[in-house]
Every structure is written in structure tokens, then in C-alpha cells.
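The values are calculated or read from the model by the stated rules, or taken from the named source; none is laboratory data. All values derive from a computational prediction rather than experimental measurement. All Cβ positions, glycine included, derive from the backbone under ideal geometry; neighbour counts span all protein chains shown.
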Amino acid sequence: MPGNLRYRQPHVREHLASHYVLGTLSERVRRRCERLMRQDPELEALVYAWQDRMNQINDELAPVKAPERVWRNIQTQLDSNRAATPRKTGFWARLSVWRLATALLLVVSLGLLLKPTPTSVQAVNYMAMMQPVSAQAEPTMIITAYKGDAPGRSHLHIQWNERLDRQELAGLNLWAIDRDSGEITALGALAQAQSTRLLSKPEWLAIKNSRELLVTRGSSPDGPVLFRGPCLQLSPWEDRATPG
Amino acid sequence: MHPDQWNRQVEACLAQVKLQHRPAFEELYRLTNGRLYALTLKIIPDRELAADALQESYAKIWRNADSYRSDLGGAWAWICQLTRNTAIDWIRRSERRPESSDDPLIGQLIGDDSGLWQQHHDLSRCLRKIREEPRTAIVSAYLYGLTHAELSERLQTPLGTLKSWIRRGLKELHQCLET
């Protein structure tokens, strides 16, 4: 670790992590701790562990609704930063892409689901954060699956990581691996899920029962795997007689 | 909503905020603003100032979400820590002294029969295993964002003694929670 070797000592790391989370460090020492965390994964892991331990106290606080002006000001701030920052030079700029994508998704959703969701996010039922097989820390995309209110209305959606360059989707296919049998089910061309792709009942069940989603090049599941991600259930849904 | 389900929703929202997804950010705000405002008010009792600090906290959540490591810890704990750090910066920069508090919550949190801690028996159990003075110092420091000097004054204890209480108390807490 560059810098002060003192921070390599386990008891010093533990002391620093616990006091960082407790909030007793001076601002100068806290900033130094944050710099060290970026360089020292062990210190960062200790801080996360203390965060999780002590955060239980926060769960005992009775909520107090924030004044309306807080969200209004945040929105204004987001919008003004988006307007002021040239595209692709700052994170605020990416909002315009998301606004467009969201609007598109919203229009499709309105048609499909017959219920408006102008400001809220429909509860995601399943989500897979797709990581490239190459050693890259950031996920490339998130694939989300939403349960529809009738057979054939469930749908799949891809959300790209706008920090990374988008990839050409032609020739890429999506697959679900069953968590028990390991059987692979084709979910079709990835390009189809760029906007919102409706799922058949067998496809919905394949996602529901999957342990992992895969993206391969070519039309065979044996083709080169480009991205993969475990499929997580995020919100429960009622298992009706006619799922999917 | 069940706490586990709520936590999963916060986790899912932050995963999407990492990718700069604004509707997910709005949903995250809807889910968390009441709890984060309550947390901020413990550190900054002035409601207007606390609202300003809360606004800055959300801006930081949006800006820094990509640094959150879901493999190391919970999203909600990460969000709370960021919010607490922001509130602590605000109160210390404003040069306002934290108000002397007769907040009943502190007594309930360190007491044995508070009826709180329904979800978190482990922290409650381990806090009860350490002596009352270090327990009070640790919970007060965390809840109100107090410095050692402020705690020393509030608890009317010499600074050296107070630091020693906290150091030993945290060590005992760590050992207990790990077993």
C-alpha cells in the first residue's frame, strides 16, 4: 500500500474502519481514510462490515417525511447539470439518454400493461447483472424481467451501462440455465430486448427457474460466452394458474 | 412492507442508479427519504438545515453510486453511511454545536427493555454485554454524529477516559458480533 505503512497493521485498520463508521474521525482523517479505502480493499471491506453492523441502529428511527422542496431541488439540480454538461463528458449528461429510453419504455409499457406509471418504477421481478467474461469490474448491462398481468404480457428489458460503450448486438443470443437441471432455454436474439420484449409462458418460466442468464455469440448455447450473470428474484409475485 | 422486501427494493434501485437510471433514483428517493431525513435530523436538529443536507446526500448518492460494492455490504447501510457523513460535515462546518439532547431514543436504545430492536437482536444483545458508559458513548456518537470532544462534554467525562471507553467498547462489540 502506498503511503503510510502504519495503516497496514490490522489493529490500526480495524480502529480506523470502526471510527470512520462511528463518525468520530475529524474531516481531514475521514478524507484520508476514504483515500486509503480506494487503495486498500481490506480496509474497504472492514468499513463495509462496520457499516452493516452499526446500521441496525438506523432501523430503529421513526421516519420523518422530507419537505417537498427537497425532491424539487434535486430534480432541478439533475436537470440543470444535464443541460450544462456537454454530452459524454459527465455523468449528468447521460440522463438525456435515460430520459429518452425511459419515455420509450413508458410508452410501450402503457400499451402493454394498460396502466400508467409516469413517476414510479414497475417492480422488477427478476434481475441479472450481466458481467463480461473478461475481467472487468463493471457490469455491462442489467437484464430485468417484469411479470405481466396476463399470459404473454410479461416482458424483458435490457438496461445498458452508459459508462461503457455499447456493443453491437447483432448475432448475440440470450439463454437461461435452469437452476436444478442445468438445461438451457433459448430466450432469443438479444437485440430484440433492446426496448421491451414480450415473453411467452415457457420463456417466463425459464427465467423464473434459472440460476443464471448467458449471452453467447451465435445461435448455439455452445458458442463463445460474452456475458453472464446470476438471475435474482427481487420481488415476489403471485403464482397464478396462468403464469407468464 | 416486510423489511427484507424493502431492503431488496433499495438494493435493486441502487443497482440501477449505478447505471444512472433516473426513474430508479426517484423510486429510491420515495422509499428512503423519510428514514434518511429522520437520520439526518438526529445529527442536525434544525429542520431546514437538515433538509439542505439531505438534498446534498441524495446528490452524492446519484453521483457516487458506482462506488458502492454490493459484494461487500448492504445498499441501505452504504446509503445511511453516506448520508451520516454528509450530515456530520454540515453540522461541523456550520459551527453550530449539536443541541444538548434529552432524546428518549438514546435511553431506549441502550436500555435493556426498550421494546426496540425487533429486527436486530444481535446488535442489541452485544451492546448489552458491554458496560453502560461505553455503550452510551458508542450509541450517542453514532446516532448524533458527535466528536470525541462533544461526547466528553455531553457525558461529562475526561476526553482520555471517553476515548478509552469507545475503543474498548468497539473491540468488545466486534468480538461479540463475530461469535
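So which residues in the range A:10-39 are out of contact with any Ser or Thr (no Cβ under 7 Å at 6 or more places or on another chain), buried (at least 19 other Cβ atoms within 10 Å of the Cβ) and not in a helix (DSSP H, G or I)?
Listed by number, the residues that qualify are A:G23, A:L25.
Can you tell me which residue within the range B:1-41, out of those that are at the interface with chain A (Cβ under 7 Å from one of its Cβ atoms) and among the aliphatic types (A, V, I, L, M), is nearest to A:W71 (Cα to Cα)?
In this case the residue turns out to be B:A24.
Between residues in the range B:10-31 that are within 17 Å of A:Q77 (Cβ to Cβ) and residues that are among the basic types (K, R) and surrounded by fewer than 24 Cβ atoms within 10 Å (Cβ to Cβ), which pairs lie under 8 Å by C-beta distance while being six or more apart or on different chains?
Filtered contacts from the range B:10-31: B:Q20/A:R94; B:Q20/A:R163; B:R22/A:R99.
Looking at the range B:83-125, which of its residues are modelled with pLDDT of 85 or more, crowded, with 19+ Cβ neighbours inside 10 Å and within 19 Å of A:M54 (Cβ to Cβ)?
B:T83, B:R84, B:N85, B:T86, B:A87, B:I88, B:I91
Select from the range B:143-175 the residues that are in contact (Cβ under 8 Å) with a residue 40 or more places away in the chain and at the interface with another protein chain (Cβ under 10 Å from one of its Cβ atoms) and write down the one among them that is surrounded by the fewest Cβ atoms within 10 Å (Cβ to Cβ).
Among those that are in contact (Cβ under 8 Å) with a residue 40 or more places away in the chain and at the interface with another protein chain (Cβ under 10 Å from one of its Cβ atoms), it is B:T147.
Within the set of pairs 6+ apart or on separate chains, which have a first residue in the range A:3-27 that is at pLDDT 90 or above, a second that is surrounded by 13 or more Cβ atoms within 10 Å (Cβ to Cβ) and polar (S, T, N, Q), and C-beta atoms under 6 Å apart?
Correct list of pairs: A:V21/A:Q51.
Kindly indicate which of B:A15, B:A75 is in contact with an Asp or Glu (Cβ under 9 Å, 6 or more places away or on another chain) and either at pLDDT below 95 or outside the structural domain of B:L146 (by TED's automatic domain parsing) (or both).
The conditions single out B:A75.
Looking at the range B:49-64, which of its residues are more than 9 Å from every other protein chain (Cβ to nearest Cβ) and over 18 Å from the mean Cα position of the chain (by Cα)?
Correct list: B:N64 only.
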